[in-house]
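Asks: Got a structure for you, questions after.
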Amino acid sequence: MVTATKRATLLQKTTETVQVLSANMMVERGVTDFSSYFLAVPSLSQSDNRGPGNTRYSLRGIQSGGEPLVAVYLDEIPLLGSPGETLDPGGSQPDIKLWDVERIEILKGPQGTLYGSGAAGGTIRIIAAKPKADAFDAAVQAELGSVAHGGLQRSVNAMVNQPLIEGKLALRASAYHYANDGYVDELYLHKNDANESEIDGGRLALRWTGETTTVAATGYYQKARSGADFSVFKNFGSDAPAAARLIRTPFSDEVAIGNLVVEQDLGWASVLYTGTYQRRAVERNVDQTRYVIFGLAGVPASVCPERALADRSCLAMVNGGPFGRVVPTDSYGLEANRSMVHELRLTSGNTGPFQWNVGYFHEDRDTSRHGQVAVTDAAGNLQFNAAGTANNRIYARTNYGSRQQDALFGEASYEFAPGLTLTGGLRWFNVQQTEQQIVVQNFFGQGPTGPQAFNKFSEDGMIGRAKLGWQVNDRLLVYALAAQGFRPGGPNQPIGFSATAPSYRSDQLWNYELGWKMTLGRDVTLNGAVYHIDWSNVQFVTTDATGAFTLIGNAGDVGVTGAELELQAKPWTNFEMSAGIGFNHARFAGAQPVQGLLENQTRSGDRLPGVPDWSTTLFAQYTLPLQNGARLLFNGDWAYRSGQTTGFRPDAGNFRDLAGYHVVNLRTGFSKGGLEVFLKLNNVFDARPEISGRIVSNEPFQYATLQPRTISISAAYHF
């Protein structure tokens, strides 16, 4: 059973491309977060991964800067991205640890009608285990591992489910702690394993189930901390993953959520209300030293080569210049994101030829960012006074943003002939956004300070989708659909010393798809789809004409042609396997608008950056029954992603070809009763691929990679 269409349906009878990871699959495959399952899902990829809370998700090749293109939901809760310096929350989506989770549903293709503007590429739904009022339940789990080129990783998790009123009211509490000693060496700071990380969190859920009414109140909390950016530098002469930053780059990400769901069965339909308050606070540090040296101070690279940065002789030379002490330089940001979301849905029953779902959605979101650029101490640490002002500060600004969104949506289906069902859906939306920037301190006292122009932006529109499903027989479903996705435009923050910045336009896409779901025998399914996507006015992270300041702009159109195939089978007793393959040919198409710099200029035929053409996965597991209900299992998985690029065109300075890569994981486990023990070997061949990369002006090439080879043992007991 899945709830991808906001009603309960059987997976093999759902006219959508949906891939599901069940609780058992997550346990057997060692899934704990996004990075441990994205390779198992064809056409799902990540980019800009600089550590927990700093990931951009992509489905079917739909990937670019700005607001998220893949919506991430925790039950009924749409999770927030963090805006960063350039209103790019899609690059900082939260990564919730997956403990006490019932399943994950990955909906591929635009889901704008039911899920709104953040779901142009698809939706990831994390479904948590619900409180149960019929029996006590509890579980504990612990894991200890060793990371090649690094230190230890460890975790402790616990869950308890307690009925309070038999059959009516239950409380479920879960908590987790993850820690990793790190594996990225900071060469210039002389610190090994600098990216140590720690994640703590939990959930408290109370659920009342009456004859016709269900009320659930849930609180979530997670705090992630890391000692350094996880991205590594290329060709810096280290066997271990290494970086060459000149400042320390700790990161902190705190998420707190309260959610209320009330559902009432009316007999002829059910009505559901969900309300969510969410707060996210992010603290980040970015190394701006090279930009200040080469960009702001204008020092030629020949005068200040990398060896002069490594021994800090170049820093002394620049600090003796006309601007005084300006390096090493830290761009520090304290970001806050708060939202209140309400959704009201009325859903018909699952019987009869005519079924429907209508609803209203409202979101109020406020963001703020307090940014300071300051000189660190000799060890690369930023120091603050009692008022929170960074010592040796050379620039400071505060940004405030707001977004209010209202939407009405509906979807209806009618079975007009046996097995033939036509479905149509519409969503009307209205978005109001504002941005305000206050310059607190300008560079070196030059230029004005104070509030800049108050930028406003509003937009409304209608999107839709239609699909035709044919249940040929109990073993075969075929369908055709056309679905629309969108992102509204918005105001940019003022850039540089300018008081205003241009707004960016909305981008929209249409996905045209033919799919099938086939059951071959009792234990074999073969599902697939072919599709074409037309994406217009693509939003992306660009720069002003000087290249010094980033903002959100619009490129031209992109066409994506793709296909997916997924096989699940049990060829014989005690052996199961699954395989998947995805293909996405994502290229710019047609006339492209003129951009100010070569690195921002798109051309027809150029690849969409950050998108692999091919993604494949293979999983196999053998279970050996033992006496007294015990069992041994052995499994492994292999994944492949083909190469991708970092920029639009080979003749630009921000372009690099990233090679394809293979990853292999192996596991063996023993279980008896409530006890489960696993021995895991992840990234068997210690692959260090360039998953995604970024080339920033005046910076060496930096890229995200996989955690090195890790061997671990875990034990869990379910009471």
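Asks: Per-residue HN-Hα couplings for segment 18-29, Karplus 6.51 cos²θ - 1.76 cosθ + 1.60 at θ = phi - 60°, whole Hz, x for Gly and Pro?
Replies: 10, 10, 10, 10, 7, 4, 4, 4, 5, 5, 5, 9
Asks: What's the long-distance tail for segment 325-480, i.e. % of Cα pairs beyond 28 Å? If you can, show how the numbers build up before the last one.
Replies: Numbers: 6344 of 12090 pairs.
Roughly 52 percent, rounded to a whole number.
Asks: Also: Considering only C-alpha atoms, what is the centroid distance from segment 479-544 to segment 559-622, in Å?
Replies: Comparing the Cα centres of segment 479-544 and segment 559-622, I get a distance of 14 Å.
Asks: Over all directions, average the projected area of the Cα convex hull of segment 24-157 and note it in nm².
Replies: Averaged projected area of segment 24-157's Cα convex hull equals 10.0 nm².
Asks: Okay, next question. What ³J(HN,Hα) values, in whole Hz, does the Karplus curve 6.51 cos²θ - 1.76 cosθ + 1.60 give for segment 237-242 when θ = phi - 60°, with x put for Gly and Pro?
Replies: x, 10, 5, 7, x, 9
Asks: So what's the back-of-envelope 222 nm ellipticity for the chain, counting only DSSP H runs of four-plus at -39500 (n - 2.57) apiece and dividing by all residues, rounded to 500? Don't jump to the answer; show the numbers that get you there.
Replies: Values: 4 runs with 23 residues, N = 719.
It lands at -500 deg cm²/dmol.
Asks: In addition: Pull up all non-local amide H partners of Ala228: gap of 5 or more, or a different chain, and H-to-H distance under 5 Å with H placed in the peptide plane.
Replies: Answer set, sorted by chain and number: Glu196, Phe251.
Asks: Step through the residues of segment 215-229 one at a time and calculate ³J(HN,Hα) from phi using the Karplus curve (6.51 cos²θ - 1.76 cosθ + 1.60, θ = phi - 60°), rounding each to whole Hz and writing x for Gly and Pro.
Replies: 10, 10, 10, 9, x, 10, 8, 8, 10, 10, 9, 9, x, 6, 4
Asks: Roughly what would the spin-label model give for Asp364 and Asn350, points 7 Å off Cα along C-beta, in nm?
Replies: Placing both labels 7 Å beyond Cα along the Cβ direction yields 3.7 nm.
Asks: Express the C-alpha Rg of the chain as a ratio against the empirical globular expectation 2.2 N^0.38 Å, rounded to two decimals.
Replies: For the chain, the normalised Cα radius of gyration comes out at 0.96.
Asks: To continue, here is another question. Return the subset of Lys97/Lys672; Lys6/Lys132; Lys13/Lys130; Lys234/Lys456; Lys97/Lys467 for which the Cα-Cα distance in this structure is over 30 Å, preserving the input order.
Replies: Too far apart for the 30 Å limit: Lys234/Lys456; Lys97/Lys467.
Asks: While we're looking at this one, here's another question. Enter the Cα centre distance for the pair segment 201-245 and segment 360-384, rounded to the nearest angstrom.
Replies: Cα centroid of segment 201-245 versus Cα centroid of segment 360-384: 19 Å apart.
Asks: Another question, then. Say the dipole of segment 11-718 comes from +1 at the beta carbon of Lys and Arg and -1 at that of Asp and Glu; which of Pro131, Asn665, Ala716 then lies farthest toward its positive end?
Replies: Sorting the options by dipole projection puts first Asn665.
Laboratory data are not the source of any read-out in this text; all were calculated from the coordinates shown. This one's a predicted model, so the numbers in the text were calculated from it and none came from an experiment. Don't worry about glycine lacking a Cβ; one is built from the backbone with ideal geometry, like all the others, and counts go over all protein chains shown.
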